[in-house]
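The structure appears right after this line, and notes come after that.
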Amino acid sequence: MKFTLSWLKEHLDTTASVDEVVEAMTMAGLEVEHVEDPGAKLAAFTVAKIVEAVQHPNADKLRVCQVDTKDGRLEIVCGAPNARAGLTTVYAPIGAYVPGSGVTLEARPVRGVVSNGMLCSAKELEVAEESEGIMELPDGLAVGQPAAQALGLEAAIDFEVTPNRPDWLGVRGIARDLAAAGLGTLKPDPVKPVAGAFPCPIEIKVDGEVCRVFAGRLIRGVKNGPSPAWLQQRLVSVGLRPINALVDVTNLITYDRARPLHVYDRAKLVGDVIEARLGRGSAEPSADAPSPAPHRDEQLIALDGKTYDLSAEMSVIADAGGERPIGLGGVMGGESTGCSEATTEVFLESAWFDPIRTAQTGRITGITSDAQYRFARGVDPESPAWGIEQATQLILELCGGEPSDVKVVGAPPAPPAAIAFDRAYVKKLSGLDVGPPRIDEILTRLGFAVDGDSVTPPSWRRDVEGKADLVEEVARIEGFDSLPETPLPPIARPPGGVLTLRQRRMRDARRAMAARGYAEALTWSFQRREWAELFGGGDARLVLSNPIAADLSTMRPSALANLIDAAARNARKGFPDAALFEVGPNFKGDEPGDQWTAVTALLAPHSPKHWAHSEGDPLFALKADLLALLEELGAPALQVVQGQNAGWWHPGRSARLQLGPKVVIAEFGELHPRVLKALDAEGPMLAFEVSLDAIPEPKKKGVKTKPALALSPLMPLTRDFAFLVAADTPAGDLLRPIQGADKALIAEARIFDVYAGAGVPGGMKSVAVEVLVQPREKTLTDAEIEALSARIVAAAEKAVGAKLRG
Amino acid sequence: MTDYAKIAQDLDQRIAGAADLAALEAIRVEALGKTGSISELLKSLGRMSPDERRVEGPQINGLRDGVATHIARRKAALEAAELDAKLASEHVDLTLPPPYERKGRVHPTMQVLDEMIAVFADLGFALAEGPDIEDDFHNFTALNFPPKHPAREMHDTFWLPEDEKGERKLLRTHTSPVQIRTMQQGQNRTLPGWIAQGQAPPIRVIVPGRTYRSDSDATHTPMFHQLEGLVIDRDIHMGHLKWTLDQFIARYFETPSVETRFRPHHFPFTEPSAEMDVRCDRSGGDVKIGQGDDWMEIVGCGMVHPNVLRNCGLDPDEWQGFAFGFGVDRLGSLKYGMPDLRDMFAADLRWLQHYGFSAFQAPNPATGLS
């Protein structure tokens, strides 16, 4: 919404500048978007008078003028045919930038005569799209007066209105708040009732669901035509297009008082009844309806020239006994009954349309008119009565004519209820120390009726429902600047920090992954449905009804597809070596408990060539990263289980980490080529997905002391074993039984070689294990070491059928 | 008479000329070995008369000591030369690159969240969380958005399909539903433990998380991050709110001089409502915080609406407090200078390297936030 300072001054007696108004609005809660000053670019241009104009000696179409300007009498060459002695026009000095032609003026001879400036056309000043000749201004203007002022150009203040304050959608509403804020005095309401000369011949019917109250009046004998300059200028200054006086009056009042109105050409109305009712069509005919509903195709051609289907949710104005739609109530009038310059009898509508119904009508039709915007937010319910009088006053003034009585049908919704208000609550809720007299002064200035402990909001403040709203009124007018900064009172804090274990793990996971060389990505929680299906998701319950794009339609079951896609996109830009991770939500369903948190990592190993050529299988590098992460998160020792991963993993190169037989903490491995192909990604890619929520909490919560450390003074010793096992036995399965052979003495067992081939029987492989033995109480004798070795071999044989290689 | 000086001179010459440790050892054995020439001379002392011995003894011993010293010196020199040669042969070209390592990064938005959490934790705020898929009650109704009110329209909500009961879930448009989950008394306790459960006042929590609105341009993304704050007690008023936000802004931007402006606004779930602006300069194309003559809106806030308290089973005459909501991504872009918010979610490796943070830049009261 826009307005100008001069318009504001119609309602507010003030000496404030535009900047002061903007500041006061901002601090009262009206967010100024920007101030658009069409005169700013014309600062250098001033009024001048041509004293003499003679033919240019060397050019037929040019004239040499003597011009009185703010810089004295100057000789200026001008090509306009209307450059004549006595003309008051606009002068641009040397050095001025002419916005309409995009040039900066230089003093240079035009066909041998030096021009000391320029006389400008409306187009050159950008005050008109097209123009002929230089500006012709009224004679009375003083030489040297700024052109912007002479042209009536004014800064327009463009601001945003929050939905609670529809009264701010009219200039008077703003004036009232600014007056309360101390910027001036609100002028008395100029609207006076106009007596009717005859009974209103039009009957009005309303459906309360559409329209609560409808005031109408006929004015006959009007002479419509273009509005006077002041009205046109006022509308143009806020970005409206003048149409004709009758229509312009309704637009003016819409902006002046947030009071939308409509004018019908009486001659075009069919019958003597105007009706506000619900639409009778059904915008979307249902396929299974046995027979078409009678009014399925009710339609309206609106003033914008477009045809709209009228459904049963919409508010419609109809004539011809309610049969012919002639308008979308509170939204837009119909083409068939619009006022033109030929109109001589006008029927004036000043109604109160239901906000929700109007919002709905606007939403379905896609129309966002000035009227719809205001009715949807709530017009002052008392306004139909004075709105029709204000419009009558203006129409009589501009078009003449004779008004009928006002006919009012229906009743406005109940006015806001009185609120019991203890003034001490202002200080309790806001902290502001404001005395009761000042509180009452503020409320009264804003239009509230104050009567002892009871405060009644004005009809236009339906947003004020309770005492907290009253505190807001007082606080914002008193100024949020004066709120006393008050430290929060001390609060008992958990001694171990405020984060829960899970919150801490999310944070630790992030830092652990970054420390291991992975870059953190944040990817959308929604993705293409086909991608979700690739990873076990895509349930219809998790497909958005109104996605912003088809590739962002479905809540993700996993972040893997997003990370694969991210790596592929980076590769396509020439950066194929990707190590990415994300800590974020995945969705199994739409219930709160279906959301789970994963640490997902993706490795697309494309290390640059290196002179030292030392490359292992990157899958084990990924496994190392996964184990390091789990250790950082405090996960217990986990079992590696192969062959049970979900279908998006490489069947031979993937595994799960489990806690017991049921709880899967992580899946990791190479991704299935089929999945990569579907995502248009070049493989191989490796990944893991850790379910953060599945990692158990440590058994001893809150115990910071670590177990006592018993360091043995005795040298540890190592023994190597080479075992023969079946080729398909997981080598890792050897370690647990070996360690179990003597938990006190065996500190560690490590696989250091796996071999199949010459010297190893077919179907078998040799697994070499180094066992670290840590004596605790005394040095071991040879016999004791031998006995321990025998126990290790027996345990390995018992567990996986391993034989010591001879 | 044996010419000891001649012997010493000859040996010294040979010692000096010994090319390596083996040659030197041969000279040592020849002179000082069991049957070496000087050992033999020493043995001859036993056969001399005392007078002879008095004269010859010191000379032979002197000879032996001199030769031994010279051999030791030469040996040290040869060993040093040999080590030098060995080390010289071990030369490597250290202009060659070390093994390849990827540089890990923490996403700037997550860094900013950690920073915000650090500041608010210090002010006594705990963390509460809630689900991304919400119901209408928690996201709108309980937060005092009347049904069909235009304020709902302004949220550009993403909706999930209608269920059997004709109800539709939605993607939360703000983190405020967690206010309800935190305040609501006597609610369903079957939810997973990470989701905020109703707690009795006093309450002091922040709520970080993903939020969603159907909007996309340089300053809006369909998914973004918010950090909500909620304080409920008996006497918490707007002055506390203003202090808290000012504290946060000074600490977050790590400067004492960020000028702020507190002005009225409207949100359905707060009353009175406000927005806070920070002083900024937009003249150079990008935004500089803390200087210039412009303002930048940075947080929406207000006193929790009495209806919201009532909807959670709290008596607004007994309990009151404030709530605020920051846009985390935008706060990050203001501090660290990422101009286009869409890039935050594009996972471009070069962008992550450039704007991301090292694992070790965790916010710390001793070293600052980053």
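None of the figures in this text is laboratory data; all of them are computed from the coordinates on show. Just so it is clear, the model here is predicted, and its values are computed rather than measured. Cβ: placed from backbone, ideal geometry, glycine included. Neighbour counts: every protein chain shown.
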Exercise. So what are the three principal axis dimensions of the stretch B:4-89 from its Cα atoms, in whole Å, longest to shortest?
Worked result: 57, 19, 16
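Within a 10 angstrom radius of the beta carbon, how do A:337, B:219 rank from fewest other beta carbons to most?
Numbers: A:337 24, B:219 14.
Going from least to most buried by this count: B:219, A:337.
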Exercise. Roughly how crowded by other chains is peptide A:488-501, in terms of the mean Cβ count from those chains within 10 Å of each of its Cβ atoms?
Worked result: 5
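In what sequence do B:107, B:265, A:34, A:613 fall when counting other Cβ within 10 Å, fewest first?
Working: B:107 26, B:265 22, A:34 10, A:613 6.
Fewest to most other Cβ atoms nearby, the residues stand as A:613, A:34, B:265, B:107.
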Exercise. Which three semi-axes in whole Å describe the equivalent ellipsoid of the stretch B:35-152, each the square root of 5 times a Cα gyration tensor eigenvalue, listed largest first?
Worked result: 98, 21, 10
For this session: Using only the alpha carbons of the stretch B:253-350, determine the length spanned along each of the three principal axes and report them from longest to shortest in whole angstroms.
Result: 51, 34, 22
Exercise. Expressed as cubic angstrom per residue, what is the convex hull volume of the alpha carbon set of the stretch A:397-513?
Worked result: 328 Å³
Exercise. Averaged across the residues of B:217-225, what count of C-beta atoms belonging to other chains lies within 10 Å of each residue's C-beta?
Worked result: 2
Problem set entry | Between helix B:21-32 and chain B: long-axis angle, C-alpha atoms, 0 to 90°, nearest 10 | 40 degrees
For this session: Please list A:478-491, B:270-283, A:551-564, B:89-102 highest first by mean number of surrounding beta-carbon atoms within 10 Å per residue.
Result: A:551-564, B:270-283, A:478-491, B:89-102
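Give the peptides B:206-216, A:347-357, A:715-725 in descending order of average Cβ contacts within 10 Å, highest first. Walk me through the intermediate numbers first.
Values: B:206-216: 20.8, A:347-357: 25.1, A:715-725: 15.5.
Most protected by this proxy first, the peptides run A:347-357, B:206-216, A:715-725.
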For this session: Using only the alpha carbons of the protein assembly as shown, determine the length spanned along each of the three principal axes and report them from longest to shortest in whole angstroms.
Result: 164, 87, 63
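Count, for each residue of B:347-356, the Cβ atoms from other chains sitting within 10 Å of its Cβ, then give me the mean as a whole number.
On the way: counts 16, 7, 14, 5, 3, 9, 2, 0, 0, 4.
Neighbouring Cβ atoms belonging to other protein chains average 6 per residue here.
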For this session: Report the one residue of A:575, A:547, A:585 whose Cα lies farthest in the direction of the positive end of the charge dipole of the stretch A:547-592 (charges on C-beta: Lys and Arg +1, Asp and Glu -1; origin at the Cα centre).
Result: A:575
Problem set entry | C-alpha center-to-center spacing [the stretch A:571-604, the stretch A:711-734] in angstrom | 37 Å
Exercise. Say each of residue A:382 and residue A:609 gets a label point 7 Å from the Cα, pointing the same way as Cα to Cβ; how far apart are those two points in nm?
Worked result: 8.6 nm
For this session: Quick one: which residues, 5 or more positions from residue A:273 or on another chain, have an amide H under 5 Å from its amide H? H modelled 1.01 Å from N in the peptide plane, none for Pro or chain starts.
Result: A:203, A:320, A:321
Exercise. Taking N as the number of residues in the stretch B:108-355, what value does Rg over Cα atoms divided by 2.2 N^0.38 Å take?
Worked result: 1.01
Problem set entry | Compactness of the stretch A:459-612 as Cα Rg over 2.2 N^0.38 Å, two decimals | 1.61
For this session: Enumerate the lysines that residue A:70 could reach by cross-link, defined here as Cα to Cα under 27 Å, with residues fewer than 8 away along the same chain left out.
Result: A:41, A:49, A:61, A:123
Seminar exercise, completed: Too long for a 23 Å Cα-Cα cut-off, among A:699/A:798; A:268/A:407; A:2/B:288; A:623/B:103; A:2/A:467, are A:699/A:798; A:2/B:288; A:2/A:467
For this session: Just order A:494-503, B:298-307, A:760-769 by mean Cβ neighbour count inside 10 Å, highest at the front, would you?
Result: B:298-307, A:760-769, A:494-503
Exercise. Between the stretch B:21-77 and the stretch A:631-661, what is the C-alpha centre distance in whole Å?
Worked result: 77 Å
Exercise. So how far, in whole Å, is the C-alpha centre of the stretch A:145-159 from the one of the stretch B:126-154?
Worked result: 44 Å
Problem set entry | Sequence-distant lysines (8 or more away, or on other chains) whose Cα lies within less than 20 Å of residue B:75 | B:34, B:86
